[in-house]
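Asker: What follows is a structure written as structure tokens; I'll ask about it next.
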Amino acid sequence: MRVFVLKPDAIGDFILATGCLRLLAREIGEENLLLAVRTDVAPLAQSQFPSATVLPITLRTKRRILNITTVNVIHNLPVWARLLATRVDAAICLRSMRAYLHTITFYLPRAKRRIACENLLLANPRVRRPAVERFATRAFHPTLLPYPPAGTLPTDIEANRIVIEALLGRPISSAEALPSLTPSRPLSPQGNWLLAPFSSSKAKDYPAALWAEVLRSTAPLRGDAPLHLAAAPNQSDRLRDFAATLHASGIDNLSILAPRPLEDYIQTIAESALVLTVDTAAAHMACATGTPAVIVSAGQHPGVYAPYSPNARQHWILPPPNHPKKEWRSAIPPALVANHIALATA
């Protein structure tokens, strides 16, 4: 069975789907997977599924000169032409918030079956979106599953699980659906702590001064273990300022890691003794490699993308549900983070 998989999401969201994708690869043969992912995610997808066919798709989110939709259409014309000429046994979409370009890409390959969860954007639709969805449903007769309610798994992982379950026609357990990343080389544990302090949004970051307080109180637990700091290439200046704050607060034996390809970053996380981070890709990498971690989360979209832990060694710290969103940091004092570090390193 040859299967087209559309997963046009950011790195962390792609990682959430890796458990289901790995299960599918084992079931039908990795060489029978055709994965359409964002251009920046393509190297990660290819390294994790080397026998699969990976199609990078361009999905810019910021307007430059032309209308953003026009730019994306122009960039994706070669991929769309290839998909139009592609025959598969089934097409599945592992994104439940589908804009027009996602919808078009999903229906391009000629497929005997199409399976996805319902489009959540229809809850607050633009004028044309319901018409486009109705046309696609009548023309292609997809199986559209209800998006799952809150349960044991974060709902986005659960949505992936039920899509794969419908495709394979057999029950899929929650454990089988959990994210799973395979390091590129045999592990050589380094014994260091890794701190990845930045997310894609500053609103989800935990301040350097608070991290410094956490690190001071957990110094006996860290001992002589080096502290490595990591961030994306476009966050290098912020990371240097962050390191300076830690130094000024008396935190020593730390170093800044040079930016590296995603597969090398996964290796670094898997070989660390402990990962400290916020709600970002590093958190999902730690969970997917089974690395002990403490994740300070702003609590945005609780129950959708987190919390989860494959081996109970990843600690997600979220503010209480009724706490004001903009004041989430006050609900997660350094002492609480330090307590979770003690549990994670026990």
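The values are calculated or read from the model by the stated rules, or taken from the named source; none is laboratory data. Since the model is a prediction, treat every value here as computed from it, not as a measurement. Backbone-built Cβ (ideal geometry, glycine too); neighbour counts: all protein chains shown.
Asker: Determine whether segment 268-277 contains at least one residue that is acidic (Asp, Glu) and either over 21 Å from the mean Cα position of the chain (by Cα) or in a strand (DSSP E or B) (or both). Explain how you work it out, then say what you get.
Answerer: Within segment 268-277, the first condition is being acidic (Asp, Glu), and the residues that meet it are 271.
After this cut, where a residue has to be either over 21 Å from the mean Cα position of the chain (by Cα) or in a strand (DSSP E or B) (or both) as well, the list is none.
Looking through segment 268-277, none of the residues is acidic (Asp, Glu) and either over 21 Å from the mean Cα position of the chain (by Cα) or in a strand (DSSP E or B) (or both).
Asker: Name the pairs whose Cβ atoms lie under 8 Å apart, with the first residue in segment 155-172 and farther than 15 Å from residue 114 by Cβ, the second among the hydroxyl-bearing types (Ser, Thr, Tyr) and in a loop (DSSP other than H, G, I, E, B), and 6 or more positions between them or separate chains?
Answerer: 155/147; 156/96; 156/305; 157/308; 158/152; 159/96; 159/147
Asker: Would you call residue 150 more than 20 Å from the chain's Cα centre (by Cα) and surrounded by fewer than 19 Cβ atoms within 10 Å (Cβ to Cβ)? Quick ask: steps written out before the conclusion?
Answerer: Numbers: more than 20 Å from the chain's Cα centre (by Cα): no; surrounded by fewer than 19 Cβ atoms within 10 Å (Cβ to Cβ): yes.
In short, no.
Asker: Keeping to segment 305-324, report how many residues are part of a loop (DSSP other than H, G, I, E, B) and free of Cβ contacts under 8 Å to residues at least 24 places away in the same chain.
Answerer: Qualifying residue count, segment 305-324: 9.
Asker: Please specify each residue of segment 102-120 satisfying the condition of being outside any loop (DSSP other than H, G, I, E, B) and either surrounded by fewer than 18 Cβ atoms within 10 Å (Cβ to Cβ) or over 23 Å from the mean Cα position of the chain (by Cα) (or both).
Answerer: Hits for segment 102-120 are 104, 107, 110, 111, 112, 113, 114, 120.
Asker: Name, by its number, the condition in (1) touching a residue at least 40 places away in the same chain (Cβ under 8 Å); (2) outside any helix (DSSP H, G or I); (3) among the polar types (S, T, N, Q) that does not hold for residue 255.
Answerer: Among (1) touching a residue at least 40 places away in the same chain (Cβ under 8 Å); (2) outside any helix (DSSP H, G or I); (3) among the polar types (S, T, N, Q), residue 255 violates only (1).
Asker: In segment 28-55, what residues are part of a helix (DSSP H, G or I) and either farther than 19 Å from residue 260 by Cα or in contact (Cβ under 8 Å) with a residue 40 or more places away in the chain (or both)?
Answerer: Within segment 28-55, 28, 30, 31, 32, 43, 44, 47, 48 meet the criteria.
Asker: I'm trying to understand the selection: among the residues of segment 1-21, which are surrounded by fewer than 22 Cβ atoms within 10 Å (Cβ to Cβ) and under 16 Å from residue 170 (Cα atoms)?
Answerer: 1
Asker: Given the conditions (1) in a helix (DSSP H, G or I); (2) surrounded by fewer than 18 Cβ atoms within 10 Å (Cβ to Cβ); (3) free of Cβ contacts under 8 Å to residues at least 40 places away in the same chain, and given that residue 286 satisfies all but one, which numbered condition is not satisfied?
Answerer: (2)
Asker: With the checklist (1) part of a loop (DSSP other than H, G, I, E, B); (2) of a type in the set (Ser, Thr, Tyr); (3) more than 27 Å from residue 120 (Cα to Cα) in hand, flag the one item residue 147 doesn't pass.
Answerer: (3)
Asker: Residues in segment 201-239 that are charged (D, E, K, R) and surrounded by 13 or more Cβ atoms within 10 Å (Cβ to Cβ): how many?
Answerer: Here the count works out to 6.
Asker: When you go through 283, 293, 344 one by one, which is the residue that is touching a strand residue (DSSP E or B) at 6+ places or on another chain (Cβ under 6 Å), closer than 21 Å to residue 158 by Cβ and not basic (Lys, Arg)?
Answerer: Values: 293 fails: closer than 21 Å to residue 158 by Cβ; 344 fails: closer than 21 Å to residue 158 by Cβ.
Only one candidate passes the filter, namely 283.
Asker: Among the candidates 91, 136, which residue alone is surrounded by 18 or more Cβ atoms within 10 Å (Cβ to Cβ), modelled with pLDDT under 90 and of a type outside the set (D, E, K, R)?
Answerer: Unique residue meeting the criteria: 136.
Asker: Quick one: would you say residue 180 is of a type in the set (Gly, Ala, Ser), modelled with pLDDT under 95 and farther than 20 Å from residue 333 by Cβ?
Answerer: no
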